[in-house]
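Please read the structure below before turning to the comments.
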Amino acid sequence: MTGETRGLEAAEISIGKLLTSGDYEFVIPEYQRPYAWGVEETLQLLSDLTGALDRDANEPYFLGSIVLVKSPNSPRAEVIDGQQRTTTLTLLLAILRDLTDNEDLRRSIHGLIEKPAIEWDNQPASPRLQLRPRDNQFFYEHVQTVGSTSGLVKMSDNAPETDAQLGLRNNAQAIHGELKSWDQERIKELFRLIAGRAFLVTVSTPDLNSAYRIFSVMNARGLPLSPQDIFKSQVIGAIPEHQKQASAERWERFEEDLGRKEFGDLFLYIRAVKSKTRAVRSLLQEFPEQVLNVYLPNNGIGFISEVLEPFAKADINLLAQDFQGSEPEWRQINNWLKCLSQLDNDDWRPAALWALTTHGEDPQFLVAFFMKLERLAAMLLLRRVYATPRQQRYMELLKQLTDGQGLDAPGFELSELERTETLNQLDGEVYLATRLRKYILLRLDSVLANDPGASYDHSIITVEHVLPQTPSEGSQWRKDFSEEQAKYWTHRLGNLLLLNHRTNSRARNYDFEVKKEKYFTSGKGVAVFALTTQVLSEHSWTPDVIERRQQQLIDLLADEWELSG
């Protein structure tokens, strides 16, 4: 046996024996992510079990595997993979227990949930499964205590304090809804199936790293751990015992505030800021090498305080765009962040987080920084630079920023070729570029409104044509535009505007004067966007008008983005 697998034990054990043998006291360690199964996964497990119930009564049912960190001479078993299934099975057993009116059956079911007290040896009753500290008391009071699930099912939405607790409530309601009409015999049969015919392959090792290696190559049925879960185990594992729980709760607050997906992405951004290189391998490989190893194994708290907390807080503000302050610059910062968030990629985010974490108290710097960053991002968008060179450009900028070049970093500057190509894109058929047309029009509108960086919160924003794409026969459009002129101008910037309301598609072909009245204004006869107001001020719409407007709009953006040299 290799050093990597020394001490590994594996066995196929029925649920009943696994929970009552006394060899295992299951604990969800604080470094694990919260309970996260939803109603869909819970009902799928119940469906699988009831399907097995309706087949051959002697047929075993395989529930998958569970990976544990467990010393051979101790019953404590930390669950590395299998938390979702073991927690949901306990919830299911608790509901079965509380639905039966057979007292002997209730005691038997509860025996799988809680180890009975041994009075003569002064040993109190103890739960078979302990959840993470933040949810454990809730789990004990509302699931593991006899009779408690009836209250859990009726619990209001605002009673649970965490997402995990709300998930337990929702899953309890779903299970109860399926089982409440079952007769007593079928409830007993399901319990016997779970206890006697349902099996788990239990894989245990005394070494945490070995457990994660095992987990990573097993096709586990549960909700997979993500890289941030493994990083959490490494960080919390490096913290003194008396500080572990408080540190884990700090970590989890940031995860809850950002949401699981965004929190996972945050580690990608941190890696980029710290390494200033484009990722070439998996985050699981690169993040420990490029970030964690600087802090571990001696300073897990240092990583949380010096890296995770400032970056998480900055990301929360970046997403919410809700900076507050007496200086007018804070509103501008929020507007620039809203503007950048309209891009079709997030490659600019590491640079933005660098600025927020290093200059978060300097609004004047941030305004200038985000103005330059948006200019760079807009150029990359308009020139349709694909992911690899785009990411390399931002990494070069990050190197310069961390070297102290700040707002004078060469990475902000545009070459003559980049400026020329950006102008050429603006002068082309912008409407056909679906990835960037709305971005260009919104930026133009903010410039026309004399509020650089301004953005809009309308639920509906559409880019529309003035000269329609298919003018009706006999319309004024056909008289004012030759076929060649219409083909040239239809999709260009000068012929486009923004609307914030749904419109009748037939109105798109109205002649200009009617279209202004019925199509380009809101229900109150008002145009919301400066671009649209500009069109409403025109008395006619001809090739000459579009050409004049085309040049005006391009000149506006050329000045805004300093594209003329």
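The values are calculated or read from the model by the stated rules, or taken from the named source; none is laboratory data. Just so it is clear, the model here is predicted, and its values are computed rather than measured. Quick reminder, even Gly has a Cβ in these numbers, built from the backbone with ideal geometry, and neighbours come from all protein chains shown. In case anyone asks, the SASA skips ligands and DNA or RNA and just uses the protein heavy atoms, side chains included. Shrake-Rupley method; radii C 1.70, N 1.55, O 1.52, S 1.80 Å.
Restricting attention to the chain, close to 60% of DSSP beta bridges with both partner residues there are antiparallel.
With a 1.4 Å probe rolled over the protein heavy atoms of all chains, the accessible area of M379, M155 falls in the order M155, M379, largest first.
Extension gain, R107 to S305: 0.36 nm times the residue separation minus the Cα-Cα distance gives 66.5 nm. Simple spin-label estimate for R186 and R478 gives 6.9 nm between the two label positions (7 Å along the Cα-to-Cβ direction from each Cα).
Mind checking the dipole of the chain: about its Cα centre, +1 per Lys or Arg Cβ, -1 per Asp or Glu Cβ, Debye to the nearest 20?
Working: 63 positive and 81 negative charges, 156 e Å.
It comes to approximately 740 debye.
Shape summary: the chain maps onto an equivalent ellipsoid whose semi-axes, from the alpha-carbon gyration tensor, are 59, 31, 20 Å in decreasing order.
Grouping the Cα pair distances of the range 386-438 into 5 Å bins from zero gives a pair-distance distribution of 4, 17, 16, 20, 19, 12, 7, 3, 0 percent in increasing distance order. Solvent exposure of the chain amounts to 46 Å² per residue of accessible area, where only protein heavy atoms count and the probe is 1.4 Å. A 1.4 Å probe, protein heavy atoms only, puts the accessible area of S71 near 40 Å².
Using only the alpha-carbon atoms, how far is helix 103-113 inclined from the longest principal axis of the chain? Give it as 0 to 90 degrees, nearest 10. Compared with the principal axis, the helix lies near 60 degrees. Per-residue ellipticity at 222 nm from helix content only, as computed over the chain with -39500 (n - 2.57) for each DSSP H run of at least four residues, stands at -15500 deg cm²/dmol. A Förster distance of 22 Å, applied to the separation of the beta-carbon atoms of D403 and A433, puts the FRET efficiency at 0.05. A 1.4 Å probe over all protein chains sorts K70, K399 by accessible area into K399, K70, starting with the largest. About its Cα centre, the range 1-122 has a charge dipole of approximately 240 debye under the convention of +1 per Lys or Arg Cβ and -1 per Asp or Glu Cβ, with nothing else charged.
Between W330 and K17, take the C-beta separation as r, use R0 = 45 Å, and let me know the FRET efficiency to the nearest 0.05. Before the final figure, lay out the partial values.
Working: r = 62 Å, r/R0 = 1.37.
The calculated FRET efficiency here is 0.15.
For the pair the range 346-419 / the range 92-126, the C-alpha centres are spaced 61 Å from each other. About the centre of its Cα atoms, the range 277-318 shows a dipole size close to 120 debye [charges on the beta carbon of Lys, Arg (+1) and Asp, Glu (-1) only; nearest 20 debye].
Think of the range 153-206 as a dipole: +1 on every Lys or Arg Cβ, -1 on every Asp or Glu Cβ, centred on the Cα centre; then among G177, A198, M155, A198 lies furthest on the positive end.
When you restrict to C-alpha pairs under 8 Å that are six or more residues apart and normalise by the size of the chain, the relative contact order lands at 13 percent. Computed with a 1.4 Å probe over protein heavy atoms only, the accessible area of V146 comes to about 80 Å².
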